[in-house]
Amino acid sequence: MDITLALGSGGSKGNAHLGVLRALEKAGFRIQAIAGTSAGGMAAAIYAAGFNPQEIIDISRGIDQGDLYGFGRGPALLGITGIAQAMRKFIDKETFEDLRIPCAVAAVDIESMQEVILKEGRVLDAVMSTIAIPGVFPPNEWGGYRLVDGGVLDPVPVEIARSLAPNLPVVAVSLSPPPEKWSQLPAPITIPEKPILKSVANFRLTQTFDIVIRSLEMGSYMLAHTRMKLEKPDVIIYPKVTDIGFLDKVDVVELAARGDAAVEEVLPQLRRAVGWRGKINRWFK
């Protein structure tokens, strides 16, 4: 049962992707290609590098989430040196050509305002680009571009995933809830707890930051919903993560379990998508 995956953006919510990957493998699905945006890009790159989902969960649960962020340099509130160091537990000098399966991540060039599909060169550089939330994390200067979070234009990269394996069903994993769930969104995010950031947290800037991030999050929800209606993935998986903010500290194991549960809910759809009726439907799309 071969499929290709499109993993959506969502910051800390992205740990649910690990459970989705685990549950898909357990159910007998073979992931032949994978694309991701932001947190989904991180998960996609690590999985494509050859780590199995349980390995990723076990390593991730040992990472101190308080060490992921520091003061930002340039036009950014926070720095991501800690994220880069954590990613090196999985990938470092690997290029996309070194990966086990085809993989791509989405970013946006802030200068040309165009989406950039990253699927060549050093994987870690691509990941640092796809997670660069504008104003929160610094843009990544790479390949002649000034790159920010791909979620600005493509929160769930369905078409990118489809381009990697055109004959396979595309399974999208959206960390943005469907519209009927938007009223259940959590309270605004706060700056992560860490001694180096306590002085920042005492200013009104914190409240401003919360409002800006929440507004970006709502825009991302609408964009994800609209693009998926147009791009029509064969199956959409919605892990229940509306209570989690972009930068929240989370229990990796518990969030992964939510991903497991989300796959269980759509197993009949997944099996239909890989069957002969699913193939016929894709021919007429």
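Every read-out reported here was derived from the displayed coordinates using simple, explicitly stated rules and does not represent laboratory data. Just so we're clear, the structure is a prediction, and the values are computed from it rather than from any experiment. With ideal geometry, Cβ positions are generated from the backbone for all residues, glycine too; neighbour counts draw on all protein chains shown.
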Open item on the list: With θ taken as phi - 60° and the coefficients 6.51, -1.76 and 1.60, list the Karplus ³J(HN,Hα) couplings across region 255-268 in order, rounded to whole Hz; mark glycine and proline as x.
Closed with: 5, 4, 4, 5, x, 3, 5, 5, 5, 4, 5, 10, 3, x
Task: Pairs from Lys26/Lys89; Lys89/Lys240; Lys181/Lys229 whose Cα-Cα separation, in the structure shown, is over 23 Å - done: Lys26/Lys89; Lys89/Lys240
Task: Pairwise FRET efficiency - Arg271 versus Lys89, Cβ, R0 = 30 Å, nearest 0.05 - done: 0.30
Task: Anchor Lys232: aspartates and glutamates whose Cα lies under 17 Å away (excluding residues fewer than 8 positions away in-chain) - done: Asp154, Glu159
Task: Built amide H within the under 5 Å cut-off of Gly79, gap 5+ - done: Gly70, Phe71, Gly72
TODO: Could you work out how far apart the two model spin labels at Ser112 and Thr226 are, taking each label as a point 7 Å from the Cα in the direction of the beta carbon, and quote it in nm?
DONE: 2.3 nm
Open item on the list: Give the separation of the Cα centroids, region 52-71 to region 209-275, in Å.
Closed with: 20 Å
Task: Residues with amide H under 5 Å from that of Ala49, placed H, sequence gap 5 or more - done: Arg100
Open item on the list: Just to be sure I understand the model, the point goes 7 Å from the Cα along the line to the Cβ. What's the resulting Glu141 to Asp98 distance in nm?
Closed with: 2.5 nm
Task: Highest to lowest packing among 109-118, 255-264, 32-41, 146-155, scored as the average C-beta count within 10 Å - done: 32-41, 146-155, 255-264, 109-118
